[in-house]
Amino acid sequence: MRVETHTCPNCGTVVAANVLERDRRLRCPGLDCGEILDFTDLSEEVREHYETNRDRYRLE
Amino acid sequence: MKGLILAGGTGSRLRPITHTGPKQLVPVANKPVIQYGIEDLREAGITEIGIVLGDKGREEIQSFLGDGSEFGVNITYIIQGEPLGLAHAAACARDFVGDDDFVMYLGDNIFKRGLTEMVERYETGEYAASIALQHVDTPRQFGIANVDGERTVTELIEKPDEPPTDLALVGVYLFSSAIFDAIDELEPSWRGELEITDAIQSLIEDGHAIDSHVVDGWWKDTGKPEDIIGANRLVLEDIEATNDGEVHPEADLTGRVDIGTGTTIKAGAVIRGPVRLGENVTVGPDSYIGPYTAIGDDSTVGGPHIENSVVVGKSELTADTRLVDCLLGRGANIASADGLLPEGNRLVVGENSNLKL
């Protein structure tokens, strides 16, 4: 299964693409990092994959 | 080589302790479980460590570990989100790992002997992976490995009806970057997770050599309260007696007792080691602390007999009662109901608590 991530440009925290797809826009989870991470930080092709396959990246 | 510690999961089997914090920070012998993993990796020469975090407890774990410098390592945090399986957690670390080999260590596991021997053997061979194994009495309850005479893994079977061996997979794996290609090809299992055993089995079927290492000494998964108490007992077996506190000459101490800074043991207290007392603990007269007990920082023991127990910290235990096999969360207090009317226990008990009165 495809697994993509995005690295915060400010603090280096790595965030799974399924978190970005779920939350869409979030403050970086790195402690004391104020960077705003957005689903659109991922490439269009990755975003389309995660939106198309949303259920596979979520537990019921 | 890099290290990867998995610290997600909900800790549901450790409730109510985990209502207020992640299971990886529950102390065993007064040290958070995850710290054992950090120290094992560092002792094996691995100082670049990724910590995979879920949705629960990630602020607390980051607050405790920081950037790793306090523990002699350099930490990168990796946010997995939902617990989509060990293989998903590993795949989230792909950019962190790069082309290096890496150790994957379950953050709620503790090993007596550490990782050094396993890492050294892996580095001398041409393996795509290595797995830690341990002989178990109930192989039908575990993922089981079949190995040949050279300790090369030939097959992995999840909870087999007819186990070919009693060698269960335990919480440490070594991988080359080949594991990522195997994970790419995986599909979620019936429970919706990407299973690391499926990824390793895929490597085997593709002709890769998988080494194995039978763990020497004990191994503990600390997922349940009785596991925490059991691990606490095993760790305390090996402690040294130290005294950084103040012990009254008329206190009665025997066996190995490790006493933290600022701790006071008053006249008339009785302690039978192995026992570890954290910092700023007060043990009053008429108290008895028996073997295999760890009392966390800033606690007071003033009256009870307590043994084979874990007290996380900031507790006041003043009832004249016997406490055995207890796991008491931070700030839990046990006082006497003597003299209160109507007679009876007064309990304020959180969700999922267990009491035997």
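Close contacts from region B:48-62, counting a first residue that is modelled with pLDDT under 90 and a second that is polar (S, T, N, Q), with Cβ to Cβ under 6 Å and a gap of 6+ residues or different chains, come to B:56/B:10. Strands (runs of 3 or more DSSP E) fully within chain A that include at least 2 residues being surrounded by fewer than 16 Cβ atoms within 10 Å (Cβ to Cβ) and more than 9 Å from chain B (Cβ to nearest Cβ): A:25-27, A:36-38. Only one entry in B:174, B:186, B:169 is touching a Gly at 6+ places or on another chain (Cβ under 6 Å) and under 22 Å from residue B:92 (Cβ atoms), namely B:169. Being surrounded by fewer than 16 Cβ atoms within 10 Å (Cβ to Cβ) and out of contact with any strand residue (DSSP E or B) (no Cβ under 9 Å at 6 or more places or on another chain) is a property that holds for residue B:45. Against the list (1) charged (D, E, K, R); (2) over 19 Å from residue B:103 (Cβ atoms); (3) touching a residue at least 60 places away in the same chain (Cβ under 8 Å), the condition residue B:117 fails is (2). Checked against the criterion of being in contact (Cβ under 8 Å) with a residue 60 or more places away in the chain and of a type in the set (Asp, Glu), the candidates B:137, B:95, B:99, B:67 yield just one match: B:99.
Yes/no per residue for (1) crowded, with 18+ Cβ neighbours inside 10 Å; (2) over 19 Å from the mean Cα position of the chain (by Cα); (3) closer than 26 Å to residue A:5 by Cα:
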residue: B:82; (1), (2), (3): yes, yes, yes
residue: B:88; (1), (2), (3): yes, yes, yes
residue: B:91; (1), (2), (3): yes, yes, yes
residue: B:94; (1), (2), (3): yes, yes, yes
residue: B:97; (1), (2), (3): yes, yes, yes
residue: B:110; (1), (2), (3): yes, no, no
residue: B:123; (1), (2), (3): no, yes, no
residue: B:128; (1), (2), (3): yes, yes, yes
residue: B:132; (1), (2), (3): yes, no, no
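Residues of region B:180-221 that are over 26 Å from residue B:113 (Cβ atoms), more than 14 Å from chain A (Cβ to nearest Cβ) and in contact with a Leu (Cβ under 7 Å, 6 or more places away or on another chain): B:201 alone. In region A:1-28, of all residues being of a type in the set (D, E, K, R) and in contact (Cβ under 8 Å) with a residue 24 or more places away in the chain, the one that is farthest from residue A:52 (Cα to Cα) corresponds to A:4.
Of the residues B:355, B:323, B:347, which is assigned to a strand (DSSP E or B), surrounded by fewer than 22 Cβ atoms within 10 Å (Cβ to Cβ), of a type outside the set (D, E, K, R) and free of Cβ contacts under 8 Å to residues at least 60 places away in the same chain? One residue alone meets the criteria, B:323. Identify, please: which residue in region B:36-68 is small (Gly, Ala, Ser) and within 14 Å of chain A (Cβ to nearest Cβ) and is, among those, nearest to residue B:219 (Cα to Cα)? Only one residue tops the list, namely B:50.
The values are calculated or read from the model by the stated rules, or taken from the named source; none is laboratory data. What you are looking at is a predicted structure, and each value in this text was computed from that prediction instead of being measured. Every residue, glycine as well, gets a Cβ built from its backbone with ideal geometry; the counts of neighbours run over all protein chains shown.
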